[in-house]
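Asker: Structure below; questions to follow.
The values are calculated or read from the model by the stated rules, or taken from the named source; none is laboratory data. Predicted model only: the values in this text are computed from it and were never measured. Cβ placement follows ideal geometry from the backbone for every residue including glycine, while neighbour counts extend to all protein chains displayed. Surface accessibility is based on the protein's heavy atoms, side chains included, excluding ligands, DNA and RNA. Shrake-Rupley method; radii C 1.70, N 1.55, O 1.52, S 1.80 Å.
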Protein chains: 2
Amino acid sequence: MKTRERILQASLQLFNEQGERAVTTNHIAAHLGISPGNLYYHFRNKQQIVTELFGRYEAQVDDYLRVPEGRALSLEDKAHYLESIFRGLWDYRFFLRDQEHLLSADPDLAERYRQFSRRCVNSGRAIYQGLAEAGILDAERTDPEVLAINSWLLMTSWISFVYTSVLDADQSELTPALLRRGVYQVLAQELGLLTEQARPAVQAMLAEYYAPLGH
Amino acid sequence: MKTRERILQASLQLFNEQGERAVTTNHIAAHLGISPGNLYYHFRNKQQIVTELFGRYEAQVDDYLRVPEGRALSLEDKAHYLESIFRGLWDYRFFLRDQEHLLSADPDLAERYRQFSRRCVNSGRAIYQGLAEAGILDAERTDPEVLAINSWLLMTSWISFVYTSVLDADQSELTPALLRRGVYQVLAQELGLLTEQARPAVQAMLAEYYAPLGH
């Protein structure tokens, strides 16, 4: 693997494990066994690494959120959307963890995040519209904008909720089951909106994502 | 007003305006025109001020979230709960803005927050249960746990969403209308769960809280 790519991967790992603020370019270089000068040959500063990692996160999520053309949306699509977004949030979790700081330190990144977040809400709106058109959600009661915004809020706050409110002090790790419970919370928003024909399949899907929170 | 109280109020204002990390005890003392020694006479360090402010936030929210005894829940109760919680989140917004940092720096505060957040979710569950028993929500389709967790996630992430995703770069302030839109998002979760008898009144209430996000 090229040095540039190794720097990005190591940075992502260290940022996720320790928080972006606690990790300096010197830590990254030491972790890779390269000199700080070699790191600076590839990246001007830590902010440039953060920006490049955000670009990867953004591209990954944008890629997932396409509405298929020429066919109706299916339940499998919905599960795929949700799992992919949660995976992206998890893979780049340092970003949400310290979002306020990262965005306030960099107006260009703040503007990019604003556009990205709005795109995600717009894609979500198209997806919920598609689910109503496909007869999965009751079109009369479905408000695609409300569902899209609420889904985005639920997804982007889930990991932090698990860390601050679900895990006990002696349990430091988020498990795959707890990440899947986030998918459940987003799907469960539609319990009152499902059409009779879609209800059994969605309830079976919900059961697969359920995990107790143990409060 | 006593000096101790003036220190707490000034700290809250400065933390909310500038973020807790950017404000030192020297800034707080200078803002009040008192000596750092006078501040230290009342508070050992900044963490003690943060802890005391958190205690006030906690007491305020706990106080709001009581389910009335001996009578059924009404729609007015629901509006009151939501407005009160959003007001608390706004009054102590520094806390959510830098939660990760504040909690990781102080295990006692992290444990207190965990218990507080769990209490809020439990109170929310009792409130949704009460709304189903009062015939406002369809008891068959209502899952009080899902609604309680999702409401808590929506409320605690709303202010940050407005700042990072709704406001444009040249609009720096959250307006009361945008804060009320957060109440709308929480209420709108129930669109598919309302009983026929409650629907007209809830829809009128929703219209009052609606505000366009302007994307």
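Asker: As a test of reading the structure, rank A:Tyr41, B:Tyr128 by solvent-accessible area (1.4 Å probe, protein chains only), most first.
Answerer: Working: A:Tyr41 180, B:Tyr128 20 Å².
Ranked list, largest accessible area first: A:Tyr41, B:Tyr128.
Asker: Which whole-number percentage describes the relative contact order of chain A, with Cα contacts under 8 Å and a sequence gap of 6 or more? Walk me through the intermediate numbers first.
Answerer: Values: 177 pairs, mean separation 37.9, N = 215.
With pairs under 8 Å counted, the relative contact order is 18 percent.
Asker: Now, a different point. Rank B:Gly33, B:Leu103, B:Leu53 by how far each Cα sits towards the positive end of the charge dipole of chain B (+1 on Lys, Arg Cβ; -1 on Asp, Glu Cβ) and give me just the farthest.
Answerer: B:Gly33
Asker: Something else about it: Taking Cα atoms, how many degrees apart are the long axis of helix B:199-209 and the longest axis of chain B, rounded to 10 and kept between 0 and 90?
Answerer: So the inclination is approximately 30 degrees.
Asker: For region A:1-43, what is the convex hull volume of the alpha-carbon atoms per residue, in Å³? Spell out each step's value before the answer.
Answerer: Values: hull volume 2.5 nm³, N = 43.
Measuring per residue, one finds 59 Å³ for the Cα hull of region A:1-43.
Asker: Suppose we compare each residue of region A:161-175 in its chain alone and in the full protein complex with a 1.4 Å probe; which ones drop by at least 20 Å² of accessible area?
Answerer: A:Phe161, A:Thr164, A:Ser165, A:Asp168, A:Ala169
Asker: If one takes the accessible area of chain A alone plus chain B alone and subtracts that of the pair, with a 1.4 Å probe, what total in Å², rounded to the nearest 100, results?
Answerer: Protein heavy atoms only, the A-B interface buries about 3900 Å².
Asker: Related question: Using a Förster radius of 25 Å, what is the FRET efficiency between A:Asp170 and B:Gln47 based on their Cβ-Cβ separation? Nearest 0.05, please.
Answerer: For R0 = 25 Å, the calculated efficiency reads 0.65.
Asker: Then there's this: In region A:1-43, which residues give up 50 Å² or more of accessible area once the other protein chains are added, compared with their chain alone (1.4 Å probe)?
Answerer: A:Arg21
Asker: Work out the charge dipole of chain A with +1 on the Cβ of Lys and Arg and -1 on the Cβ of Asp and Glu about the Cα centre, then indicate which of A:Ala22, A:Ala132, A:Val121 is farthest towards its positive end.
Answerer: Comparing the listed Cα positions along the dipole, A:Ala22 ranks first.
Asker: Kirkwood Rh over alpha-carbon pairs of region B:47-209, then Stokes-Einstein at 4 °C and 1.567 mPa s: what D in µm² s⁻¹, rounded to an integer? If you can, show how the numbers build up before the last one.
Answerer: Values: Rh = 16.8 Å.
It diffuses with D of about 77 µm²/s by this estimate.
Asker: Name the residues of region B:69-107 whose accessible area falls by at least 10 Å² when all protein chains are present instead of the chain alone, probe 1.4 Å?
Answerer: Listed by number, the residues meeting the 10 Å² cut-off are B:Arg97, B:Asp98, B:Gln99, B:Glu100, B:Leu103.
Asker: When chain A is modelled as a GNM with alpha-carbon springs shorter than 10 Å, which of A:Gly33, A:Gly19, A:Gly55 fluctuates the most?
Answerer: A:Gly33
Asker: Among rounded, prolate and oblate, which fits the protein assembly as shown when a ≥ b ≥ c are the square roots of the eigenvalues of its C-alpha gyration tensor, a/c under 1.5 means rounded, and a/b larger than b/c means prolate?
Answerer: Values: a/c = 1.88, a/b = 1.16, b/c = 1.63.
Verdict is oblate for the protein assembly as shown.
Asker: If you average the alpha carbon positions of region A:156-215 and of region B:137-215, how far apart do those two centres end up, in angstrom?
Answerer: 20
Asker: Ok, one more. In deg cm²/dmol and to the nearest 500, what is the mean residue ellipticity at 222 nm of chain B if only DSSP H runs of at least 4 residues count, each as -39500 (n - 2.57), divided by the residue total?
Answerer: Values: 11 runs with 146 residues, N = 215.
Mean residue ellipticity at 222 nm (helix-derived): -21500 deg cm²/dmol.
Asker: Using the heavy atoms of the protein chains and a 1.4 angstrom probe, tell me the accessible area per residue for the protein assembly as shown in square angstrom.
Answerer: Numbers: 18940 Å² over 430 residues.
Result: 44 Å² of accessible area for each residue.
Asker: Angle, helix B:75-91 long axis vs. longest principal axis of chain B, Cα atoms, 0 to 90°, nearest 10?
Answerer: 20
Asker: Here's something else I'd like to know. Assigning unit charges at the beta carbon (Lys, Arg +1; Asp, Glu -1) and nothing else, what dipole magnitude in debye, to the nearest 20, does the protein assembly as shown show about its Cα centre?
Answerer: My answer is approximately 1080 debye.
Asker: Next question. Rounded to the nearest Å, what's the spacing between the alpha carbon centres of region A:1-67 and region B:1-46? Just the number, please.
Answerer: Taking the Cα centre of region B:1-46 as reference, the centre of region A:1-67 is 37 Å away.
Asker: Could you look at chain B and say what percent of its accessible area is carbon and sulfur, using a 1.4 Å probe and all protein chains?
Answerer: On the way: 4750 of 9480 Å².
The nonpolar share, carbon plus sulfur, comes to 50 percent.
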